[in-house]
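Reading through the structure tokens given below for one structure.
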Amino acid sequence: MAVIPPAARREPALSGQIVVVLGGSAGIGLETARLARAEGAEVILTGRDPGRLARAAAELGALSSAAFDATDPSALDGFFTGLTGPVDHIMITAGRPYYGTLAGMDVEQARRSFDEHMWLPINVARRAPRAVRAGGSLLFMGGTGARRPAPGLVVAAMGTAALPAMTANLALELAPIRVNLIAAGFVDTPLSAELLGDLLDERRERLRASLPIRRVVEPADVAALAVHLMANTALTGATYDIDGGQQLVPAG
């Protein structure tokens, strides 16, 4: 058996830490929780689907899990009140984008998307000083796609523009808790499959042909960035794009 030289060994990046993932039962959230566990962290998962959440928690050996709607302030309060002690990191992956023109807008769905992407981070941030250890972090998820104006993107564009500014301001207000934002392009998740339906394979092939990385971005790619942002204590107040170079490719 090969012996690993001492210099090649490293401590797990999140050894002994506690990571909360809001929306941790599938996709990017689940993959981040999985990697955090591999890097030595205990994880606490939340989600709206009790069955799916229970399966994810069992798979990862989660410290605990809680099924509730994170956009409900009372339910969110109950979750934070139920924490047995401070945590090190909170990542928010809950929510889905809303796409629709003004003429065909579903106002209730648009409002819910706004709540998930704007008010949920604010409501978590308000509770962070009592819930997160000094030097720990909040990590938000946003996107890059709506940076290019197009019909049907007005609601998505609001969050795309506002989240980086929110992140920078919260990093000052919550210091020494760190606050960062991941802005993703297309990521090959169950949510993407649900949104695209029969167009999913076509979208994958187009991206594989056009992206500079010549492949689609996977949840594991985003998880690796997320864990790095948790572990690197010099990073705060910034937006980190992960889209495989999608913004460099002409729209079409």
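The values are calculated or read from the model by the stated rules, or taken from the named source; none is laboratory data. Computed from a predicted model, the values in this text were never measured in an experiment. So basically every Cβ, Gly included, is an ideal-geometry build from the backbone, and we count neighbours across all protein chains shown. Please note that ligands, DNA and RNA were not included when accessible areas were found on the heavy atoms of the full protein model with its side chains. Shrake-Rupley method; radii C 1.70, N 1.55, O 1.52, S 1.80 Å.
Of all residues in the stretch 89-102, those being open to solvent by 40 Å² or more (accessible area, probe 1.4 Å) and either modelled with pLDDT of 85 or more or part of a strand (DSSP E or B) (or both) number 3.
Would it be correct to say that SER25 is closer than 28 Å to GLU194 by Cα, open to solvent by less than 50 Å² (accessible area, probe 1.4 Å) and polar (S, T, N, Q)? Considered against the rule, which asks whether it is closer than 28 Å to GLU194 by Cα, open to solvent by less than 50 Å² (accessible area, probe 1.4 Å) and polar (S, T, N, Q), SER25 comes out as yes.
So that you can scan it fast, the table gives a plain yes or no per residue for (1) touching a strand residue (DSSP E or B) at 6+ places or on another chain (Cβ under 8 Å); (2) touching a residue at least 60 places away in the same chain (Cβ under 8 Å); (3) open to solvent by 40 Å² or more (accessible area, probe 1.4 Å); (4) not aliphatic (A, V, I, L, M):
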{"site": "VAL154", "(1), (2), (3), (4)": "no, no, yes, no"}
{"site": "THR167", "(1), (2), (3), (4)": "yes, yes, no, yes"}
{"site": "ARG203", "(1), (2), (3), (4)": "no, no, yes, yes"}
{"site": "ASN232", "(1), (2), (3), (4)": "no, no, yes, yes"}
{"site": "ASP243", "(1), (2), (3), (4)": "yes, yes, no, yes"}
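Scanning the stretch 17-38 for residues that are modelled with pLDDT under 95 and over 16 Å from the mean Cα position of the chain (by Cα) yields a count of 0.
Please work out if ARG214 is of a type in the set (Lys, Arg), under 22 Å from LEU248 (Cβ atoms) and not in a helix (DSSP H, G or I).
Working: of a type in the set (Lys, Arg): yes; under 22 Å from LEU248 (Cβ atoms): yes; not in a helix (DSSP H, G or I): yes.
Spelling it out, ARG214 is indeed of a type in the set (Lys, Arg), under 22 Å from LEU248 (Cβ atoms) and not in a helix (DSSP H, G or I).
How many of the residues making up the stretch 39-55 are under 19 Å from the mean Cα position of the chain (by Cα) and either loosely packed, with under 14 Cβ neighbours inside 10 Å or more than 20 Å from ILE182 (Cβ to Cβ) (or both)?
If we filter the stretch 39-55 for residues that are under 19 Å from the mean Cα position of the chain (by Cα), which is where we start, we get 39, 41-49, 52-53.
From what's left, either loosely packed, with under 14 Cβ neighbours inside 10 Å or more than 20 Å from ILE182 (Cβ to Cβ) (or both): 42, 48-49, 52-53.
Result for the stretch 39-55: 5.
Looking across the stretch 143-152, the residues that are open to solvent by less than 20 Å² (accessible area, probe 1.4 Å) and either closer than 28 Å to ALA36 by Cβ or hydrophobic (A, V, I, L, M, F, W, C) (or both) come down to THR144, ALA146.
Being open to solvent by less than 50 Å² (accessible area, probe 1.4 Å) and either over 18 Å from GLU31 (Cβ atoms) or among the charged types (D, E, K, R) (or both) is not true of ALA223. Cβ-Cβ contacts under 8 Å between residues 6 or more apart (or on different chains), taken from a first residue in the stretch 70-84 that is assigned to a loop (DSSP other than H, G, I, E, B) to a second residue that is surrounded by 16 or more Cβ atoms within 10 Å (Cβ to Cβ) and of a type in the set (S, T, N, Q), are listed as ALA70/THR46.
Applying the set (1) open to solvent by 60 Å² or more (accessible area, probe 1.4 Å); (2) at pLDDT 95 or above; (3) under 20 Å from ALA94 (Cβ atoms) to THR236 leaves exactly one unmet item: (3).
Screening PRO73, PRO86 for residues that are in contact with a Lys or Arg (Cβ under 8 Å, 6 or more places away or on another chain), open to solvent by 50 Å² or more (accessible area, probe 1.4 Å) and not acidic (Asp, Glu) leaves exactly one candidate, PRO86.
Here LEU138 meets each of (1) hydrophobic (A, V, I, L, M, F, W, C); (2) more than 25 Å from SER74 (Cβ to Cβ); (3) open to solvent by less than 50 Å² (accessible area, probe 1.4 Å) with one exception, condition (2).
Select, from ALA13, ALA33, the only residue that is open to solvent by 10 Å² or more (accessible area, probe 1.4 Å) and not basic (Lys, Arg). It would help to see each step written out before you state the result.
Details: ALA33 fails: open to solvent by 10 Å² or more (accessible area, probe 1.4 Å).
Exactly one residue qualifies, and that residue is ALA13.
Before we move on, is ASP198 open to solvent by 40 Å² or more (accessible area, probe 1.4 Å), on the phi < 0 side of the Ramachandran plot, within 22 Å of the chain's Cα centre (by Cα) and not aliphatic (A, V, I, L, M)? Can you show your working first?
On the way: open to solvent by 40 Å² or more (accessible area, probe 1.4 Å): yes; on the phi < 0 side of the Ramachandran plot: yes; within 22 Å of the chain's Cα centre (by Cα): no; not aliphatic (A, V, I, L, M): yes.
Here the answer is no, as ASP198 does not meet what is asked.
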